[in-house]
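Note sheet for the following structure.
The values are calculated or read from the model by the stated rules, or taken from the named source; none is laboratory data. All figures in this text were calculated on a predicted structure; none of them were measured in a lab. Note that each Cβ is placed from the backbone with ideal geometry, even for glycine, and that neighbours are counted across all protein chains shown. Protein only, heavy atoms only, side chains kept; ligands, DNA and RNA dropped before computing areas. Shrake-Rupley method; radii C 1.70, N 1.55, O 1.52, S 1.80 Å.
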Amino acid sequence: MTPWDRVYTFFRRWRDHRLVTEFHDRLRGKVREKAGRDPEPSAGVIDSQSVKADAVVGSDSRGFDGGKLINGRKRHAVIDTLGLLLAVMVTPADTGDRAAAQTLLARVTEAHHRLELVWADGGYTGSIITHCLTALALVLAIVKRSDDMRGFVVLPKRWIVERFFAHLMRTRRLVRDFERTTSSAEAMIYWSMTLLMPRRLARPRPSRAEPVRYWGL
């Protein structure tokens, strides 16, 4: 067995026994506590990202996103207000945001009982808002771009999830989807965030005389 074979053997074990997710979630709680927050969030943001798929991705788990003109997979993610991952679901790229959100938000509210508000963009309008309120006791608030806006504008809360996806694209393994299975693709996203959080924990607290730079969160 080569060293790479050993690496992937351990990775599969951690993935299948959900150790990747458990390790990630424990770190997230520590980061939130260091930031003076409750370990369990009460608000979050949901969005999706379409990425091209490598040749190893089979036709059963890939699709074509007509809006982004991307043949591959779509990453649906819910993050907290610090930009930390709460849950992710990888689907074929032609999966609608609202259809995926119904499944993903059910998983998130089951795991995070304090969650009561999630911000989203205009792609999540319609019956999903009523479903979240009645079935999940969750308020899905839509952050829309005003018709009066011109050029690039930073929208409230939306920038947090955009920064999250930007971090994923800095991980070379996630620039494309190279994984044969969606479970491996999801595990790789958790690993990427697991690499980020120890750096936040190691960062010294700002002194009272030092201004807090929120873009460094």
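Restrict the check to region 94-106 and report whether at least one residue is more than 17 Å from ARG158 (Cβ to Cβ), free of Cβ contacts under 8 Å to residues at least 40 places away in the same chain, open to solvent by less than 60 Å² (accessible area, probe 1.4 Å) and not in a helix (DSSP H, G or I).
Yes; the residues of region 94-106 include at least one that is more than 17 Å from ARG158 (Cβ to Cβ), free of Cβ contacts under 8 Å to residues at least 40 places away in the same chain, open to solvent by less than 60 Å² (accessible area, probe 1.4 Å) and not in a helix (DSSP H, G or I).
Considering region 26-60 alone, what residues qualify as being in a loop (DSSP other than H, G, I, E, B), open to solvent by less than 50 Å² (accessible area, probe 1.4 Å) and among the hydrophobic types (A, V, I, L, M, F, W, C)?
Selection gives VAL57 alone.
How about region 61-70: which of its residues are closer than 27 Å to LYS144 by Cα and either assigned to a helix (DSSP H, G or I) or open to solvent by 70 Å² or more (accessible area, probe 1.4 Å) (or both)?
Scanning region 61-70 gives PHE64, GLY67, LYS68, LEU69.
Exactly one condition in (1) at pLDDT 95 or above; (2) of a type outside the set (S, T, N, Q); (3) outside any strand (DSSP E or B) is not met by LEU140; state its number.
In the conditions (1) at pLDDT 95 or above; (2) of a type outside the set (S, T, N, Q); (3) outside any strand (DSSP E or B), LEU140 misses (3) alone.
Could you please tell me which pairs satisfy a Cβ distance under 7 Å, a separation of 6+ or placement on different chains, a first residue in region 120-133 that is crowded, with 19+ Cβ neighbours inside 10 Å, and a second residue that is assigned to a helix (DSSP H, G or I) and of a type in the set (D, E, K, R)?
These pairs meet every condition: ASP121/ARG158; TYR124/ASP97; TYR124/ARG98; ILE128/ARG98.
So which of LEU196, LEU217 ends up being modelled with pLDDT under 90 and surrounded by 10 or more Cβ atoms within 10 Å (Cβ to Cβ)?
On inspection, the qualifying residue turns out to be LEU217.
Exactly one condition in (1) of a type in the set (A, V, I, L, M, F, W, C); (2) in a helix (DSSP H, G or I); (3) open to solvent by less than 10 Å² (accessible area, probe 1.4 Å) is false for VAL78; which is it?
Against the list (1) of a type in the set (A, V, I, L, M, F, W, C); (2) in a helix (DSSP H, G or I); (3) open to solvent by less than 10 Å² (accessible area, probe 1.4 Å), VAL78 comes up short only on (2).
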